[in-house]
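The structure appears right after this line, and notes come after that.
The values are calculated or read from the model by the stated rules, or taken from the named source; none is laboratory data. Because the structure is predicted, anything quoted here is derived from the model rather than measured. Using ideal geometry, Cβ is built from the backbone for each residue, glycine included, and neighbour counts are taken over all protein chains shown. Note: accessible area is taken over every heavy atom of the protein model, side chains too, but ligands, DNA and RNA are not part of it. Shrake-Rupley method; radii C 1.70, N 1.55, O 1.52, S 1.80 Å.
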2 protein chains.
Amino acid sequence: MTRLKNLQSWLKEKGVPAAFINSTENVFYLTGFLTNPHERLMGLFVFQDMDPIFIVPNMEVNQVKATGWNHEVIGYADHENPWEFIKESIEKIGISRNVIALEKSVLSYGRTEELLAIFNGAEVVDVEDQLNRLRVIKDETEIDTIRRAAKLADFGVEVGVNSLKEGITEMEVLATIEYELKKQGVREMSFSTMVLFGEKSGDPHGNPGNRQLRPGDFVLFDMGVVLDGYCSDITRTFIYKSSSDEQVEIYNTVLNAQIASLEASKPGNRIGDLDQVARDVITDAGYGNYFPHRIGHGMGINVHEFPSMSHLNNDILLEGMVYTIEPGIYIPGVGGVRIEDDVLITKEGYETLTKYPKELKIIE
Amino acid sequence: MTRLKNLQSWLKEKGVPAAFINSTENVFYLTGFLTNPHERLMGLFVFQDMDPIFIVPNMEVNQVKATGWNHEVIGYADHENPWEFIKESIEKIGISRNVIALEKSVLSYGRTEELLAIFNGAEVVDVEDQLNRLRVIKDETEIDTIRRAAKLADFGVEVGVNSLKEGITEMEVLATIEYELKKQGVREMSFSTMVLFGEKSGDPHGNPGNRQLRPGDFVLFDMGVVLDGYCSDITRTFIYKSSSDEQVEIYNTVLNAQIASLEASKPGNRIGDLDQVARDVITDAGYGNYFPHRIGHGMGINVHEFPSMSHLNNDILLEGMVYTIEPGIYIPGVGGVRIEDDVLITKEGYETLTKYPKELKIIE
């Protein structure tokens, strides 16, 4: 598997004999096996040349093999201590234990203690940054999965729009959207779905509730699904029945900002510039104080992943990156607009994977 | 606040000058403030006598105060390093830094490094076990919240039962249940809802899909909601239209096992015995090999929390504990039955908080 080989190359380059991978996301990325083991230990040891070792609860062993994993897998029962099996295996293969790579922001202090009891006195290095750098370039299978997830996000917006009628509540619309998505086989949303009406759309962290839809309201949808382990994330904003000049101006400013940022999306461009060009459009229109967040975030196995699309990011866009572009203007007490697409960097430019129309739509 | 005082008493008793609390659950338990800060740091320092210090992202500061938190709160912006503020505060109050309590299974290695750069050379002790012991006894507010969450779980089962008709799929029923719950204001299920038909109910880790309902099927529902930060969890199993003698025998065996375990639920009894009495009923009926999991789990802010209701647990039931009792029999390829209630230990016995009827019901 290319992904494992890439990590092994890095271990060789850095002179690190072993990496211990504990997060469900990175384990999925490297093994193809996706599960939430809850409090039970699931971990993968990757070595420079030797076969990796996958430790999972007994009940998962068959599933791991069914996934196509053809390296070693060690199962353990609930009454057994998996660290004893790990110790035995590591001692048997006799690798050097002077350095160990692990996920610093994920691995708990308790598990690090267990690991360092085996890799006694080892220097600890972080493997997360390298995994982020590998994961940031999506392969064709991943792009295909995200594309299908994005299509379901488009469908969710469509369901939401079709359900709008005067007096309906945010939660009723939200329930309808998720109902139709579940009927399409979606088991998990990539985050808590947002449906916000009127002044409530003016809070970028608003919570859907019993606010009823009235003419003149902004209607903001922000949602995504998890499909075969990959996420999508879309935001669309509409106006219900009657619109004010200010609403139209805010909407078109956000739309222009989004388009400017999309047009800057091609291999070789600086990531931070995508935030800057959108921010410039919004600032020039006089709304600079009402765009309080970064332009977007990388997306894949996690809905928020590497890279962070902030104006400070000096990294360069590369073919195969997938991220969101989501400028917004939020006027407290009045309302807000956000427009968000999932973007793929192609050989020569970009493709938006979410395709729901973006021209201002007044819903009658 | 009693909860903070209880933790402070423990710190004094153990001679530990400070505890750093990082999990959203324990922060919520101690502060009343519930949010998911994602990758941003949110942490609470508790000291023996001094006021606690709460560190949160800037955007949460007002919410924290609105929750009623009347101790110190330190906000930080995205471009600031919260550990610098922490260092400054800790140095200012001048407490001893020889020991620090933290959540060993939660705090990441990376954050532990940051913490130990401030508490340089400090001995690390685990605070989680003590917090589990505090959280295991629910107060009246908590019980009231769980009671309301359990009522919504009952309602979910009712919706599921009412939606059954020949040919409907598991996912369609699941979507209907969650739709109706969302209309009641539920924003989050406590875990991925399970609806399993026929032979699929024979896998305790089955996944709902496109299996259509047919006469003679078991229908297994397992679900719960999160309400105001607290969980519920119910399982009910039905038979659709025609039942076999074997199905009836399996059902009544599980029901008798569940009742036996409920009847053993009173203050002073050994927790492990609740598993044992249910296991004995199932083993005596000849199904001992088909009950592969523990009888239940503690429940509260987490859907699975302390105590683990396994036959090995020698702890004693105490008034105010809340846990699940959920025996099951699963025949691979044939089908399975599980019956689960949320149980509260009262002064003299128990009360089931989930109240949906449990007598065998053949759905016509």
Q | Chain-alone versus full-assembly comparison, the range A:178-224, residues with accessible loss of at least 30 Å² (1.4 Å probe) | A | A:Tyr179, A:Lys182, A:Lys183, A:Arg187, A:Ser192, A:His205
Q) Which value, in Å², gives the accessible area per residue of the range B:2-135 when a 1.4 Å probe is used on the protein heavy atoms? A) 45
**Q.** Anchor B:Lys151: lysines whose Cα lies under 21 Å away (excluding residues fewer than 8 positions away in-chain)
**A.** B:Lys138, B:Lys182, B:Lys183, B:Lys355, B:Lys358, B:Lys361
**Q.** Occluded residues from the range A:90-121, i.e. those whose accessible area drops by 50 Å² or more once the chain is not alone (1.4 Å probe)
**A.** A:Lys104, A:Tyr109
**Q.** Cut-off 9 Å between beta-carbons: net charge of the residues surrounding B:Ser201, Lys and Arg +1, Asp and Glu -1
**A.** -1
(Q) Nearest the rotation axis from A to B, which residue of chain A has its beta carbon, and at what whole-angstrom distance? (A) A:Tyr179, 2
Q | Rounded tilt (10° steps) of A:170-183 against the dominant C-alpha axis of chain A | A | 50
**Q.** Alpha-carbon centroids, the range A:295-364 and the range B:168-212: separation in whole Å
**A.** 32
Q) How much area per residue is accessible in the range A:140-363 when the probe is 1.4 Å and only protein heavy atoms are counted (Å²)? A) 38
Q: With springs only between Cα atoms under 10 Å apart, run a GNM on chain A and tell me which of A:Pro327, A:Pro215, A:Pro307 wobbles the most.
A: A:Pro215
**Q.** Accessible area that becomes buried as B packs against A, both chains, 1.4 Å probe, Å², nearest 100
**A.** 2500
Q. What percent do you get for the relative contact order of the range B:233-341 when only Cα pairs under 8 Å and 6+ apart count?
A. 34
Q. On a 0 to 90 degree scale, rounded to 10, what angle separates helix B:109-118 from the longest Cα axis of chain B?
A. 20
Q) Roughly how much of A:His311 is accessible, in Å² to the nearest 10, using a 1.4 Å probe? A) 80
Q: Quick one: accessible surface of B:Asp217, probe radius 1.4 Å, all protein chains present, in square angstrom to the nearest 10.
A: 10
Q. In square angstrom, rounded to the nearest 10, how much accessible surface does B:Glu158 have for a 1.4 Å probe?
A. 90
Q) In deg cm²/dmol and to the nearest 500, what is the mean residue ellipticity at 222 nm of chain A if only DSSP H runs of at least 4 residues count, each as -39500 (n - 2.57), divided by the residue total? A) -11000 deg cm²/dmol
Q. Angle between the Cα long axis of helix A:271-284 and the longest principal axis of chain A, 0 to 90 degrees, nearest 10?
A. 20
Q) Share of chain B's accessible area from carbon and sulfur, percent, 1.4 Å? A) 46
Q. When only Cα pairs under 8 Å and 6 or more residues apart are kept, what is the percent relative contact order across chain A?
A. 14
